[in-house]
Amino acid sequence: MGLFQRVARRHISGAVSRPFGLGVHRRAQTLGRLLLACMSLLVFLGVVEGAVSALCLVRRGRLDRAALAFEREQALSFAVEGLSPARQWEGELKLHPLFGYVHIPNSRGANNYGFLTPHDFDLDEKGYALRGHDHQRTMVIGVFGGSFAQQLVLAAHDRLAAGMARAYPAKDPVVVNFALEGHAIPQTAFVFLYFRSMVDIAVFVDGYNELWNYVNNTRAGCPPEYAKAAHYLFKTSKAELTPARFAQTARLLQLHRRRHALTRMSLWAPVRNSVLVHMIWTRLARHLEQAAGTQATAIEQDLQRATPFMAASDSEMVHIAANQWGAYHRMIHAVAVSEGILDLHVLQPNIYVPGNTKRLTAGERRILDADTESHRGQCLAVGYPLLQREIAGLDRQGILVADLTGVFSECEEERWVDVCHANTAGYHTVADHIVSALGAGTALRPSLMGTRDTATQLIRSDVVSGPS
């Protein structure tokens, strides 16, 4: 190889190797900077996570990362439907020809007939019965009513069952929830008549919806006895999808899907238990909920554009509702007596009772002040004294009753979580009074004995004659 060729080759190889080596060096530097930035970001996020966790611990007194993740899982489980975020559970309702609506059977805690209870129902030639239970030992305590009664069972069913078990050790008390959000008289009466064959003790906890449904249903253009019109109209509105409502619903679905995707991302395994992620999710989800709420409100207002069903004032409807409440409870008692069922009729507590029997905390006062339904308080303030008069009449007729409007009168702590529902401690108090009232039922006349089979009558004889 000549001198020229050797010089040329060295020049070419050097020209090639220098940029290649320089490129590798630069890539290594870039990768190093990227790794350093990532490490710095992870350290920063770790510091922020620690600070947020400490703040959460100070504010709440405890830090349960699994509970925060579970909260997002619950949000993810809601059906994506055209409704306001505060009422997403409407997507889990199914129309029923007799009860107005029930929960979708066998879904998210609902049994095979659409009630939030772990107990399924069977039907045979003798009527309905609890699946998988020894009917000779089982004493079924059915609770009927609206959302207050339903939450009572969910929060205090063990307390109710334990109280009855102490009174009747030879029996296996089982508390079954027959209550459902928005239900009132006559829906609860229909449910009782439908499933009465499996019930040994029937507890009706109501009063609030009986007044409020009559007023709101009439205003919405529905008969006053309907299940809560707002829920019923939403479920039936899909058959009346106007172009404007279609556009509103499409926008609402888009917002719900965004929230759904955001929630799924927040549950990704590496960040699932992060308090910081939960905080960011809360802020973004709240923003999407507010936007969805605006759309949902427009849809709901469109659904409720109707002339009143009856030409009666709210006050007149409340008087009608109170009279009907008393009449239905007398009818329920007559059926219960004929069937050998011990029946208890409870007037549920209410934050709007005139001269409220509980001294409200600052938090409860804020709940009351934030109520956007301005006529709700007026209707209930007028109606509750009428219901108290009716329940006093039932008592004089020998019907087992419990007026619990003053059940929280001696309590200084918070008991209300909104204008119609109590917290767990409140429901425990109500449950204790129900057990006490049922204990008073042991002195009732033997006329409660019905015509059922011997095993059922043995249960009833214990209830009437007292604990064995």
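Give me the number: length gained by fully extending Leu42 to Arg108, i.e. 0.36 nm times residue separation minus the C-alpha to C-alpha distance, one decimal in nm.
Net length gain for the segment: 20.0 nm.
What FRET efficiency, computed as 1/(1 + (r/R0)^6) with R0 = 41 Å and r the Cβ-Cβ distance, is obtained for His135 and Glu316, rounded to the nearest 0.05?
0.30
For Ala362, put the label point 7 Å out on the Cα→Cβ axis and report which residues of the range 394-418 keep their amide N under 19 Å from it.
From the range 394-418, the list is 412-418.
Starting from the Cα of Asp124, step 7 Å along the direction of its Cβ; do the same at Arg27; then give the gap between the two resulting points in nm.
7.7
Under a crude label model (7 Å from the Cα following the beta-carbon direction), how far is Thr307 from Ala392 in nanometres?
Using points 7 Å along Cα→Cβ, the separation is 4.0 nm.
If the chain between Leu34 and Leu253 were fully stretched, how many nm would it gain, using 0.36 nm times the residue separation less the Cα-Cα distance? If you can, show how the numbers build up before the last one.
Numbers: separation 219, 0.36 × 219 = 78.84 nm, distance 3.94 nm.
Between Leu34 and Leu253, full extension yields an extra 74.9 nm.
Rounded to the nearest 0.05, what FRET efficiency is calculated for Val335 and Glu49 with R0 set to 51 Å and r the Cβ-Cβ distance?
0.25
Values in this text are rule-based calculations from the coordinates and carry no lab data. Values in this document were obtained by computation on a predicted structure and should not be read as measured data. For neighbour counting, all protein chains shown are included, and Cβ atoms are generated from backbone atoms with ideal geometry for every residue, glycine included.
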